[in-house]
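Just below is one structure, and these are the notes that go with it.
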Amino acid sequence: GAVVSQHPSRVICKSGTSVKIECRSLDFQATTMFWYRQFPKQSLMLMATSNEGSKATYEQGVEKDKFLINHASLTLSTLTVTSAHPEDSSFYICSATQPIAGREQYFGPGTRLTVT
Amino acid sequence: DAKTTQPPSMDCAEGRAANLPCNHSTISGNEYVYWYRQIHSQGPQYIIHGLKNNETNEMASLIITEDRKSSTLILPHATLRDTAVYYCIVRSYNNNDMRFGAGTRLTVKP
């Protein structure tokens with residue numbers, strides 16, 4: 001089956017710094033990737049949809065200048081949390097889908113971000 | 001996309017079938033039912049999806065009622081490793097994004 005990886009799996013950063021999370025589709029080309037955030041004991045919340053070669057579409061309430069998304073190739077999307085604060089500490093999960101209508105999404109293993 | 005309603009939690013004995021219900025009474029004709037699960041601190045895992053016919057794969061069976069307003073995910077022989085949060089999601093065929101509800105926390109007990 002299709003595999004999506006994320007790097008790093010865990011990251012601790014200091015308040016005010018930026019951190020980049022990578023999402024890769026390992027064995028398929030993903031024209032669309034998605035970024036989710038999950039707080040403890042809560043469900044996944046869609047943050048943004050990332051299309052290869054174009055600007056990401058952000059969900060309402062998600063600051064585009066704080067969560068920078070780049071989808072430069074068909075196998076790589078990155079999420080940069082800029083000027084991180086403790087409230088940005090969360091589990092960030094990406095997913096990717098093949099360019100076939102109705103195809104299921106394949107999720108990465110997630111990145112645990114802790115901002116101190 | 002149509003909203004879904006799932007019980008917040010369920011228990012199941014190891015080796016028995018786990019039947020997880022999902023209500024999606026506002027589903028429209030071009031919307032599919034997808035099931036994912038999330039084991040603690042991992043990314044969601046695809047299980048199965050269907051439109052109107054019952055579906056079966058190596059992981060589970062999906063039973064969709066004739067009026068398509070509800071469905072049931074069946075894990076035929078639950079194991080302790082099936083303990084997870086199970087999400088039922090309704091999504092139109094041409095819409096790629098997946099929006100998660102609260103899901104059902106299934107606990108398989110020995």
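Among B:Thr56, B:Thr65, B:Thr72, which is the only one that is surrounded by 14 or more Cβ atoms within 10 Å (Cβ to Cβ) and modelled with pLDDT of 95 or more?
Numbers: B:Thr56 fails: surrounded by 14 or more Cβ atoms within 10 Å (Cβ to Cβ); B:Thr65 fails: surrounded by 14 or more Cβ atoms within 10 Å (Cβ to Cβ).
Result of the check over B:Thr56, B:Thr65, B:Thr72: B:Thr72.
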Strands (runs of 3 or more DSSP E) wholly inside region B:7-110 containing at least 1 residues that are polar (S, T, N, Q) and in contact with an Asp or Glu (Cβ under 9 Å, 6 or more places away or on another chain): B:61-64, B:84-92, B:104-109
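Count, please, the residues in region A:82-109 that happen to be β-branched (Val, Ile, Thr) and crowded, with 23+ Cβ neighbours inside 10 Å.
Residues of region A:82-109 that are β-branched (Val, Ile, Thr), as a first pass: A:82, A:93, A:97, A:100.
Cutting the leftovers down to crowded, with 23+ Cβ neighbours inside 10 Å gives us A:93, A:97.
So the count comes out to 2.
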Breaking point among (1) more than 27 Å from A:Phe39 (Cβ to Cβ); (2) surrounded by fewer than 21 Cβ atoms within 10 Å (Cβ to Cβ); (3) within 14 Å of chain A (Cβ to nearest Cβ), for B:Asn19: (3)
Cβ-Cβ under 6 Å pairs, at least 6 apart or on other chains, region B:92-110 side more than 7 Å from every other protein chain (Cβ to nearest Cβ), far side polar (S, T, N, Q) and part of a loop (DSSP other than H, G, I, E, B): B:Ser92/B:Asn30; B:Thr104/B:Gln6; B:Thr107/B:Thr83; B:Val108/B:Thr83
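Having 1 or more residues that are touching a Cys at 6+ places or on another chain (Cβ under 8 Å) is the bar; report the strands (runs of 3 or more DSSP E) wholly within region A:6-45 that clear it. Can you show your working first?
Working: elements: A:10-13, A:19-25, A:32-38.
The strands (runs of 3 or more DSSP E) meeting that bar are A:19-25, A:32-38.
Can you pull out the residues in region A:47-64 that are out of contact with any Lys or Arg (no Cβ under 6 Å at 6 or more places or on another chain) and closer than 17 Å to A:Thr31 by Cα? Explain how you work it out, then say what you get.
At the first step, the residues of region A:47-64 found to be out of contact with any Lys or Arg (no Cβ under 6 Å at 6 or more places or on another chain) are A:48-57, A:59-64.
The answer is A:Ala48, A:Thr49, A:Ser50, A:Asn51, A:Glu52, A:Gly53, A:Ser54, A:Lys55, A:Ala56, A:Thr57.
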Strands (runs of 3 or more DSSP E) completely within region A:47-114 that count 1 or more residues being within 12 Å of the chain's Cα centre (by Cα) and among the hydroxyl-bearing types (Ser, Thr, Tyr): A:76-81, A:90-97
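The values are calculated or read from the model by the stated rules, or taken from the named source; none is laboratory data. Since the structure is predicted, the reported quantities are computational estimates derived from the model, not experimental observations. Reconstructed Cβ throughout: ideal geometry from the backbone, glycine too, with neighbour counts over all protein chains shown.
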